[in-house]
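Below you will find the structure I want to go over with you.
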Amino acid sequence: MKEQNFSYVPDEQELEKASNGYIMSLVAVVVGLPLPVINLLATFVFFLANRRSTYFVRWHCTQALLSQFSLFLVNTVGFWWTLSVLFREDVEISNPYIAYIATVLCFNIGELVLTIYTAIKTRKGEHISWWFYGPLTNLICKS
Amino acid sequence: MKKSLFQALLLILIFAGIFYGLSQVNWMKLFRVEKVTDALEKQLGDMVWSDMDKKSIESGPEYKKLDSVLNAICKGNGLNRDEIKLHLMEDAEVNAFALPDHHMVVYTGLIKEAKSNDEIAGVLAHEIAHMELKHVMKKLVKQIGYSILISITTGDAGGEVIKEVLGILTSSAYDRSLEKDADLKAVEYLKNAKLDVKAFADFLYRLGEENEGAVPLTWISTHPDPKERAKYILKEGQVTRD
């Protein structure tokens, strides 16, 4: 993750909207912790609502959406694996299951910390580009 | 683009690496899952067995027949015979089931229905497989819940829960895949003990045909289709049906 210069200086309203793109996924954590799709949906709805917004806002909404999407994939596997452990007689708690849940938990906590950090920095007007997600957002989001 | 693909691959590798590393830890031992489950199974076995209202037959020709078949299976497979608590019960129902902590219950109706010791051996091998593959506790944990099972042993749950446990184990089948696992393991036991696998399949096939009769064939009616089971048992045993 690194701070970069953006192509223009965004105004106060843009900073708030862009920061809210990250906050959306955090708000959804409270509501949909057991359901991995809720975070993604909340971020996606916010992304749709701002798809005609300024470049700065769209860029940060896209970065937030991409990070939520990859998290959604690993969380979904964990979610269905947990349901199988709970309800299927032929699936039980095992070392790989606990290891997977621990791994997913590490990634979720990491992503949560980064999201909070980026939301704060974005609100202050700093342009934070994440490792992997930043360059990917550059490819998708055009000015 | 190339850089993004490389980073995506690296991210997947980091995830896989952490997962692999954590998989090497024996969490089950660390959290004492198996130890706690074994202790729980022992307590549950004693409680459920003492709650059964039928008297166990511990002698006589039928019990001796059952005991000799069980001994043959255990001897042929290196299983500890003393660990299995065999109970023969007077009941016309064709039924046999495993309870927690290696309690095995067989009804006299099943002995009467079987035409040979090899047919009985198939049923016993199937029930031993459920015990050895720990299906009994898996089923109870899924259907009753771990916390309620623990509350039975601590006396917090009422007698109704023990009756529910008994009902689940005596008159309902395991998950389809677990039943198949038990059948295939039973074939392995029968082959190792040099017992007739075909007799087991024949018994299932015959019970399947008789399922509409007056005597309740619980062991058959609660399990997956007996003819289908007979087919894969024969295939696993690599014998053909006449």
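Residues A:VAL113, A:VAL91, A:VAL85: which one is within 26 Å of B:GLN24 (Cα to Cα), among the aliphatic types (A, V, I, L, M), out of contact with any Lys or Arg (no Cβ under 7 Å at 6 or more places or on another chain) and part of a helix (DSSP H, G or I)?
Details: A:VAL113 fails: within 26 Å of B:GLN24 (Cα to Cα); A:VAL91 fails: part of a helix (DSSP H, G or I).
None of the others qualify; the one that does is A:VAL85.
Please go through region A:129-139 and give me each residue that is more than 14 Å from the chain's Cα centre (by Cα) and more than 10 Å from chain B (Cβ to nearest Cβ), ordered by number.
Hits for region A:129-139: nothing passes.
Consider region B:146-168. How many of its residues are modelled with pLDDT of 80 or more and within 13 Å of another protein chain (Cβ to nearest Cβ)?
Total meeting the criteria: 1.
Test of understanding: among A:SER67, A:SER94, which residue is under 17 Å from A:LYS2 (Cβ atoms), within 12 Å of another protein chain (Cβ to nearest Cβ) and among the hydroxyl-bearing types (Ser, Thr, Tyr)?
Details: A:SER94 fails: under 17 Å from A:LYS2 (Cβ atoms).
Being under 17 Å from A:LYS2 (Cβ atoms), within 12 Å of another protein chain (Cβ to nearest Cβ) and among the hydroxyl-bearing types (Ser, Thr, Tyr) holds for just one of A:SER67, A:SER94, which is A:SER67.
Looking at region B:55-68, which of the residues that are under 27 Å from B:GLY167 (Cβ atoms) and surrounded by 12 or more Cβ atoms within 10 Å (Cβ to Cβ) is modelled with the lowest pLDDT?
Our first condition is that a residue be under 27 Å from B:GLY167 (Cβ atoms); within region B:55-68, this holds for B:55-58, B:62-63, B:66.
Next, only the ones that are surrounded by 12 or more Cβ atoms within 10 Å (Cβ to Cβ) stay: B:56-57, B:62-63, B:66.
Details: B:SER56: 82, B:ILE57: 86, B:GLU62: 90, B:TYR63: 92, B:LEU66: 93.
Result: B:SER56.
Tell me, which residue of region B:38-88 that is closer than 16 Å to B:GLU127 by Cα, in a helix (DSSP H, G or I) and of a type in the set (A, V, I, L, M) is farthest from the other protein chains (Cβ to nearest Cβ)?
Across region B:38-88, the extreme among qualifying residues is B:ALA72.
Which number in (1) in a helix (DSSP H, G or I); (2) touching a residue at least 40 places away in the same chain (Cβ under 8 Å); (3) under 18 Å from the mean Cα position of the chain (by Cα) marks the one condition that B:SER177 misses?
Going through the list (1) in a helix (DSSP H, G or I); (2) touching a residue at least 40 places away in the same chain (Cβ under 8 Å); (3) under 18 Å from the mean Cα position of the chain (by Cα), B:SER177 breaks only (2).
Of all the residues that make up region A:99-126, how many are modelled with pLDDT under 90 and within 13 Å of A:GLN63 (Cβ to Cβ)?
1
Would you tally the residues in region A:97-120 being away from chain B (no Cβ under 11 Å) and crowded, with 17+ Cβ neighbours inside 10 Å?
Taking region A:97-120 and keeping what is away from chain B (no Cβ under 11 Å), we get A:108-109, A:111-120.
Filter again for crowded, with 17+ Cβ neighbours inside 10 Å, leaving A:108, A:111, A:114-115, A:118-119.
Residues that pass the stated criteria total 6.
Among the residues of region B:19-37, write down those that are at the interface with chain A (Cβ under 8 Å from one of its Cβ atoms) and either touching a Pro at 6+ places or on another chain (Cβ under 7 Å) or touching a residue at least 12 places away in the same chain (Cβ under 8 Å) (or both).
Across region B:19-37, the qualifying residue is only B:SER23.
Something else about it: Hey, among the residues in region A:75-91 that are at the interface with chain B (Cβ under 7 Å from one of its Cβ atoms) and in contact with a helix residue (DSSP H, G or I) (Cβ under 6 Å, 6 or more places away or on another chain), which one's surrounded by the fewest Cβ atoms within 10 Å (Cβ to Cβ)?
Here the residue is A:ASP90.
Separate question: Please verify whether region A:23-34 includes one or more residues that are over 24 Å from B:GLY21 (Cα atoms), outside any helix (DSSP H, G or I) and modelled with pLDDT under 90.
Checked against the condition, which is being over 24 Å from B:GLY21 (Cα atoms), outside any helix (DSSP H, G or I) and modelled with pLDDT under 90, region A:23-34 yields at least one hit.
Check region B:9-18 and report whether any residue there is farther than 25 Å from A:TYR97 by Cβ and within 14 Å of another protein chain (Cβ to nearest Cβ). Walk me through how you get there before you give the answer.
Restricting attention to region B:9-18, the residues satisfying the condition of being farther than 25 Å from A:TYR97 by Cβ are B:9-10.
Okay, now just the ones that are also within 14 Å of another protein chain (Cβ to nearest Cβ), so B:9-10.
Within region B:9-18, one or more residues are farther than 25 Å from A:TYR97 by Cβ and within 14 Å of another protein chain (Cβ to nearest Cβ).
For region A:49-74, which positions are aromatic (Phe, Trp, Tyr) and surrounded by 22 or more Cβ atoms within 10 Å (Cβ to Cβ)? Please lay out each step first, then the result.
Filtering region A:49-74 down to residues aromatic (Phe, Trp, Tyr) leaves A:55-56, A:59, A:69, A:72.
Hits for region A:49-74 are A:PHE56, A:TRP59.
Which residues, counting only those in region B:1-49, are modelled with pLDDT of 90 or more and either under 30 Å from B:LEU86 (Cα atoms) or of a type outside the set (A, V, I, L, M, F, W, C) (or both)?
Selection gives B:GLY17, B:TYR20, B:GLY21, B:SER23, B:GLN24, B:ASN26.
Hey, another quick one. Can you confirm whether A:TRP59 is more than 14 Å from chain B (Cβ to nearest Cβ), under 30 Å from B:ILE144 (Cα atoms), modelled with pLDDT of 90 or more and not in a loop (DSSP other than H, G, I, E, B)? Give the steps one after another, and end with the answer.
Details: more than 14 Å from chain B (Cβ to nearest Cβ): yes; under 30 Å from B:ILE144 (Cα atoms): no; modelled with pLDDT of 90 or more: yes; not in a loop (DSSP other than H, G, I, E, B): yes.
The answer is no for A:TRP59.
Please find, within region B:72-111, the residue that is surrounded by the most Cβ atoms within 10 Å (Cβ to Cβ) out of those that are of a type in the set (Gly, Ala, Ser), touching a residue at least 40 places away in the same chain (Cβ under 8 Å) and closer than 24 Å to B:ASP38 by Cα.
Step one: of region B:72-111, the residues of a type in the set (Gly, Ala, Ser) are B:72, B:76, B:78, B:92, B:96, B:98, B:109.
Now narrow it down to the ones that are touching a residue at least 40 places away in the same chain (Cβ under 8 Å): B:72, B:76, B:92, B:96, B:98, B:109.
Still in the list and also closer than 24 Å to B:ASP38 by Cα: B:96, B:98.
Working: B:ALA96: 23, B:ALA98: 25.
My answer is B:ALA98.
Scan region A:48-69 residue by residue and report those that are over 14 Å from the mean Cα position of the chain (by Cα) and of a type in the set (Val, Ile, Thr).
A:THR54, A:VAL57
The values are calculated or read from the model by the stated rules, or taken from the named source; none is laboratory data. On a predicted model such as this, the values are computed, not experimentally measured, just so you know. Here the Cβ is made from the backbone with ideal geometry for all residues, glycine too, and neighbour counts use every protein chain on show.
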